[in-house]
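The structure under discussion appears below in the form of structure tokens.
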Amino acid sequence: MKLKAEKYRVREGQKVNLADWPTKVSRVYTSKADYQRLLADHVDQLSRFQQLHYAANRYAVLLIFQAMDAAGKDGAIKHVMSGVNPQGCQVYSFAHPTPTELKHDFLWRTTRNLPERGQIGIFNRSYYEEVLIARVHPEILTNEGVAGGDLANPEDTWRGRYRSIVDLEAHLHRNDTRIVKFFLHLSKDEQARRFIERIDEPSKNWKFTMADYEERQFWDGYQSAYETCLSATSTEAAPWFVVPADDKKNARLIVSQIILDVFGALGLRYPEIGPERAAELKAIRAKLED
């Protein structure tokens with residue numbers, strides 16, 4: 001079954017209501033064995049694309065993952081990117097800003113880690129935290145040194161940040177960085193189930209804190225923040241994909257198909273060699289044969 005990744009894409013200018021986007025869809029796999037086969041095929045294709053991408057040295061690719069807690073960002077990155085050569089891929093996870101980072105503009109700490117040409121960069125959370133968690137908890141703006149007048153009119157702050165993000169991503173696209181953004185769309189009931197699983201499982205309960213539970217109390221605020229963010233920042237150059245995440249296996253297959261589609265559209269080729277280089281390689285080959 002061919003995955004149609006476009007059905008999960010937020011079109012530029014589209015107003016997002018997350019209640020209209022499913023958190024679970026029909027499985028694209030028929031069994032655990034079928035899932036493993038499909039994922040292995042995707043991983044193999046991605047590995048070959050990554051080698052070509054590294055050799056061509058034409059584009060940079062940035063993959064951004066955002067989601068509510070327990071939606072499966074870590075697992076998606078781990079499984080989908082398992083066949084990629086670490087030499088050509090870097091993963092960055094962004095926690096609370098450091099005092100130094102708070103002294104800079106809100107995009108500074110992430111732009112330092114943008115991928116080079118030939119590289120795949122993965123942001124596990126990103127600069128989008130600054131229009132998501134900061135919107136749900138506006139007191140964060142005070143720690144960031146946002147001027148008091150701006151705090152009196154917070155909507156101006158958010159509009160300004162959306163514009164800065166869209167401008168940055170347009171600039172990156174013009175300069176050959178291809179950006180794909182994933183929102184792993186999890187239901188509140190499924191999050192509760194996964195939290196309970198974490199608590200009950202010794203190998204997972206170290207991940208869970210009271211802060212995770214307390215943040216769950218802001219669920220509606222986060223849903224609203226995501227809806228506004230997705231609507232304001234999904235563009236042709238840097239689209240958002242809303243991936244149903246209640247089924248982790250399905251989500252991984254959808255994510256991997258989207259990434260494969262992105263690489264497939266780049267038209268990558270191995271570097272061509274000129275006459276002088278061809279003659280040099282021929283001479284070296286002759287010496288090796290001797």
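No lab work stands behind these numbers, since they all come straight from the coordinates. All figures in this text were calculated on a predicted structure; none of them were measured in a lab. Because the Cβ atoms are built from the backbone with ideal geometry, glycine has one as well, and the counts that use them run over all protein chains shown.
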Starting from 0.36 nm per residue, how many nanometres of slack lie between His96 and Gln36 once their C-alpha separation is accounted for? 18.1 nm
Could you please tell me the mean projected area of the C-alpha convex hull for the chain, averaged over all directions and given in square nanometres to one decimal? 19.8 nm²
Need one number: nm distance between label points at Ala19 and Arg163, each 7 Å from Cα along Cα→Cβ, rounded to one decimal. 3.2 nm
For the chain, which span is the longest to avoid every loop-located (per DSSP) member of trypsin sites (Lys or Arg not before Pro) having at most 14 other Cβ atoms inside 10 Å? 113-203
Go through Tyr8, Trp219, Thr209 and say which Cα lies farthest out towards the positive end of the charge dipole of the chain; charges sit on Cβ, +1 for Lys and Arg, -1 for Asp and Glu. Tyr8
Chain lengthening between Ile273 and Glu215 when straightened (0.36 nm per residue, less Cα-Cα): 15.3 nm
Sort segment 46-204 into rounded, prolate or oblate with this rule: let a ≥ b ≥ c be the square roots of the eigenvalues of the Cα gyration tensor; rounded if a/c is under 1.5, and if a/c is not under 1.5, prolate when a/b is larger than b/c, oblate otherwise. oblate
How large is the charge dipole for segment 1-144, taken about the Cα centre, if only the Cβ atoms of Lys, Arg (+1) and Asp, Glu (-1) carry charge, to the nearest 20 debye? 600 debye
